[in-house]
1. Working only within the stretch 84-106, note down all residues that are assigned to a loop (DSSP other than H, G, I, E, B) and in contact (Cβ under 8 Å) with a residue 24 or more places away in the chain.
2. Could you check the stretch 122-133 and list, in sequence order, the residues that are hydrophobic (A, V, I, L, M, F, W, C) and either surrounded by fewer than 21 Cβ atoms within 10 Å (Cβ to Cβ) or without any contact (Cβ under 8 Å) to a residue 40 or more places away in the chain (or both)?
3. Among the numbered conditions (1) at pLDDT below 95; (2) under 17 Å from the mean Cα position of the chain (by Cα); (3) surrounded by fewer than 22 Cβ atoms within 10 Å (Cβ to Cβ); (4) not in a loop (DSSP other than H, G, I, E, B), tell me where residue 18 comes up short.
4. Among what's in the stretch 220-242 and is hydroxyl-bearing (Ser, Thr, Tyr) and assigned to a strand (DSSP E or B), pick the residue that is surrounded by the most Cβ atoms within 10 Å (Cβ to Cβ).
5. Restricting to the stretch 100-121, name every residue that is more than 15 Å from the chain's Cα centre (by Cα) and crowded, with 23+ Cβ neighbours inside 10 Å.
6. Looking only at the stretch 136-167, count how many residues are surrounded by 22 or more Cβ atoms within 10 Å (Cβ to Cβ) and at pLDDT below 85.
7. Would you say residue 65 is within 24 Å of residue 155 (Cα to Cα) and modelled with pLDDT of 95 or more?
8. Only residues that are in contact (Cβ under 8 Å) with a residue 12 or more places away in the chain and among the polar types (S, T, N, Q): list them for the stretch 134-161, please.
Amino acid sequence: MTLKFPLFLRALTPIMLIFCLSAPVCSAATSEWTSNEGGRMRLILAPPDAEGRRAGALEIEPLPGWITYWREPGDSGIPPQLAADPGSPYMISALAYPVPRRIDVGDVRDIGYDGPVTFTFTLEAAADAANVPLNATAFIGICRNICIPFQASFSLPLTPDATKDAEALAVIARAAATMPQAPSDDFKVASFEMTADLKQLTVNLQLPKTARGEPELFVTGPSGYVFTHFEGRRAPDGNYRAVFPIEKLPRNYTFSGQSWSVLAVSGTRAMESPLAFD
């Protein structure tokens, strides 16, 4: 999976943010908080761009001791889902996730967040969507000892006079800064290879020159499969070689034409890159 963070959302720079905070016409729309016993969540939308798209965010605040999940939740848990209601003239796409944590409890490894987290997305509108409210549903897992499904329905009026929450725009801008980077010249996948028996994946990474210690790596494969256990070392060419045992895949799974991804965390930087199989 490539990093699908929309370029127009990246444009929420500090300069633009300062301008928006001082201009009511550039404010965001925000739902009320919806709560359950483990936390709360709300929906936020920025004003539309020239093509009618809006940057949005699903803001989640677990209570202390509770967690929620990344797109691949690990050994247990529920991945987050967000969609416009059926029949809506809107489409929610490009849901993006901040860098998660490995959360180990005994032999169970969860992947997610043990504090507030904000997922970003893009909202696109049909031509006949003018002044039509957005009705959307979010479904997440929020857990402490046991996992509790948490579903919330949101309705946001999107008329010009309804977008008056400048603080929410800052939430979207801050969320943008928590997302993994796209591959760059100094932080990228140099090569990768799957063995013929499909039991071992080797990923060679070029890490930042300032990298210290071991990176944290998350490889995602078919939906529902994530690999975090690996053996790593520095190779003679200076790259970091990580070998992942692939213990389980769907029956009769074929790699031809498939695309996996790797999320690499090194120091204060994180990078996400596709692993496209021929």
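The values are calculated or read from the model by the stated rules, or taken from the named source; none is laboratory data. This structure is a prediction, so every number in the text was calculated from the model and none was measured. All Cβ positions, even for glycine, are placed from backbone atoms using ideal geometry, and neighbour counts span all protein chains on display.
1. 85, 88, 89, 97, 98, 99, 100
2. Within the stretch 122-133, 125, 126, 127, 129, 130, 132 meet the criteria.
3. If we test residue 18 against (1) at pLDDT below 95; (2) under 17 Å from the mean Cα position of the chain (by Cα); (3) surrounded by fewer than 22 Cβ atoms within 10 Å (Cβ to Cβ); (4) not in a loop (DSSP other than H, G, I, E, B), just (2) comes out false.
4. That would be 220.
5. Answer for the stretch 100-121, where residues must be more than 15 Å from the chain's Cα centre (by Cα) and crowded, with 23+ Cβ neighbours inside 10 Å: just 110.
6. Final tally of qualifying residues: 1.
7. When the stated conditions are applied, residue 65 does not pass them.
8. Within the stretch 134-161, 135, 137, 151, 153, 155, 159 qualify.
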